[in-house]
Amino acid sequence: MRIKLFCFFLIYFFFGSKVSFSQVTTPFSSLVPVGEISDNSFANNLSMGGLGISNGSFWHLNNQNPAALVNNRFTTFEMGIASDVRQIVNNESKDIIGNGNINYIGFGFPVLKSGKWTASFGFNPFSNMNYKLFSEDVIYNVDGSPTSSLVTYDYDGSGGLTEIYLSNGFKITKELSLGVKATYIFGKVSSNISSTISNESQFFSNYYEESIYNDYSLMTGLFYRKEINEDKFLKIGLIYDLKTSLESSTFSQLERKIPNSLNVLVVDTILNDVIRDYIIPKNFGFGVSYEILDKLSFGVDFRFQPWKENSGFEGQENNYKNYFQVSTGIEIIPDAEDVNTYFNRVTYRGGLLFKRFPYLINGEETNNIAATFGLSLPIGSISRINLGFELGTRGNLSKTLAKENYLKFIIGSSINNIWFIKRKFD
């Protein structure tokens, strides 16, 4: 009961207004045709500002750099459930929205006991579209004078894409490893734009569009872990995510809805399963971390994605800017071998995150700044319960006309075991 009261107080203190929940996620998900692309952070990554390219771990699978999988020597099952609360602010209103869902599932195991080959597979959300927006305009006469009628436009979108992946990490030398991650992306998004006139109840038109996407993607990675002193390591990670051409099949139609009825009159079919490619550009990532084994780890990761060139639907001019992200984080374990004091064995994490998103609003870039923190709670000798929090803000009222404050929370599990060992008896 105390924990529930504390969580409610934290939300109320941060947002400063009454909380009400709905299925709406964020209006920013309307700005890219496939929805808002996920960063695929596990709970331990999220709580360190998204750090993961250079931060391989014995206790957790690495979903951000497949080459770092070789650090994990256990058979591991990872699962995470995410929830968020967001305050959407514009010049006229403030709205509180929130949701929750399964965020990721991953399973990994050492193919070779020597640690030279580790494999992992699972699924993550690739993108999410979930928004409801509306606007009003005055209707004008032919001579330019305003009428007493208003037209109301309602915009809504839903759906998203999912990725199923298979990752493999191979140790090339004692210090250097290579990784490959193959992904299949699939899913559906749909949207409606409807309009009504205030004094014309019979006028209710709607434009409906549905797109089904699918494609394969490939990521490669390198991971270098050099022991510079006893139990002290320098870690360097590098990833390269190849360009993805998502094939889409789009259907759209113009509809007229009959008031007080579920019937829809199709006025015209605009697109009838038109095949197009949506280009998601290549992605570069680089990171450096320092580790004192089972005591301390900290680092910084950089990501860059050139959305400004050759992205979006082929043959259409895009309105994108290059994506950029900086993640920095730290984790501390007071005393991993203290069997008497439980909280000395807990891993404490914190971090900072900066993102510059690829889309432009009124020609202005949209930035995201966040602080993160979290815990890994030992369960038994080698398993963990992971808690991750991200507290951030996105957008600027004076430039992008909308601002989003949010609190994101992930609770995850890392269930570790040792397989493929033949028992010996005396």
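Each reported figure results from applying straightforward, stated rules to the coordinates on display, with no laboratory input. Small disclaimer: the values here were computed from a predicted structure and weren't measured. Note that we place each Cβ from the backbone using ideal geometry, even for glycine, and neighbour counts take in every protein chain shown.
If each residue's Cβ is checked for other Cβ atoms within 10 Å, how do Glu200, Glu210 rank with the fewest at the top?
Sorted ascending by nearby Cβ count, the order is Glu200, Glu210.
Under a Cβ-Cβ cut-off of 13 Å, what is the net charge of the residues other than Ser198 that fall near it, where Lys and Arg count +1 and Asp and Glu count -1?
Neighbour charge sum, excluding Ser198 itself: -3.
Before rounding to the nearest 500, sum -39500 (n - 2.57) across all DSSP H runs of length at least 4 in the chain and divide by the residue total; then give [θ] at 222 nm in deg cm²/dmol.
The per-residue figure over the chain is -1500 deg cm²/dmol.
If you plug each phi of segment 84-92 into the Karplus form 6.51 cos²θ - 1.76 cosθ + 1.60 with θ = phi - 60°, what whole-Hz ³J(HN,Hα) values come out, in order, with x for Gly and Pro?
8, 10, 10, 10, 9, 10, 10, 6, 10
At a Förster distance of 51 Å, what's the computed FRET efficiency of Asn362 paired with Asp231, Cβ-Cβ distance as r, to 0.05? Before the final figure, lay out the partial values.
Working: r = 52 Å, r/R0 = 1.03.
Using R0 = 51 Å, I get an efficiency of 0.45.
Could you tell me how far the Cα centroid of segment 235-293 sits from the Cα centroid of segment 137-199, in Å?
Result: 7 Å between the Cα centres.
Just the projected area, averaged over all directions, of the convex hull on the alpha carbon atoms of segment 42-169: how many nm²?
11.4 nm²
Only one of the values (i) 38; (ii) 34; (iii) 69 was calculated from this structure for percent of Cα pairs over 34 Å apart; name its label.
(i)
Size of the dipole of segment 2-417 about the Cα centre, Lys and Arg at +1 and Asp and Glu at -1 on the beta carbon, nothing else charged, in debye to 20? It would help to have the intermediate numbers written out before the result.
Working: 35 positive and 40 negative charges, 298 e Å.
Charge dipole, segment 2-417, about its Cα centre: 1440 debye, nearest 20.
Can you tell me the 0 to 90 degree angle between the C-alpha axis of helix 2-15 and the longest principal axis of the chain, rounded to 10?
Tilt of helix 2-15: around 50 degrees.
Give me Val32, Val142 sorted ascending by neighbouring Cβ count inside 10 Å, so fewest comes first. Spell out each step's value before the answer.
On the way: Val32 21, Val142 5.
Lowest count first: Val142, Val32.
Quick check for you: which residues of segment 218-235 have the amide N under 15 Å from the point 7 Å beyond the Cα of Tyr348 toward its beta carbon?
From segment 218-235, the list is empty.
Can you give the FRET efficiency for Ile418 and Ile102, using 1/(1 + (r/R0)^6), R0 = 25 Å, r = Cβ-Cβ distance, to the nearest 0.05? Write out the running numbers ahead of the final one.
Details: r = 27 Å, r/R0 = 1.07.
In this case the efficiency is close to 0.40.
Only Cα pairs within less than 10 Å get springs; with that Gaussian network setup on the chain, which residue of Ile258, Ile53, Ile239 has the largest fluctuation?
In this elastic network of the chain, the residue with the biggest mean-square fluctuation among Ile258, Ile53, Ile239 is Ile258.
So, in nm, how far is label Ile164 from label Ser245 when the simple model puts each one 7 Å beyond its Cα toward the Cβ?
2.4 nm
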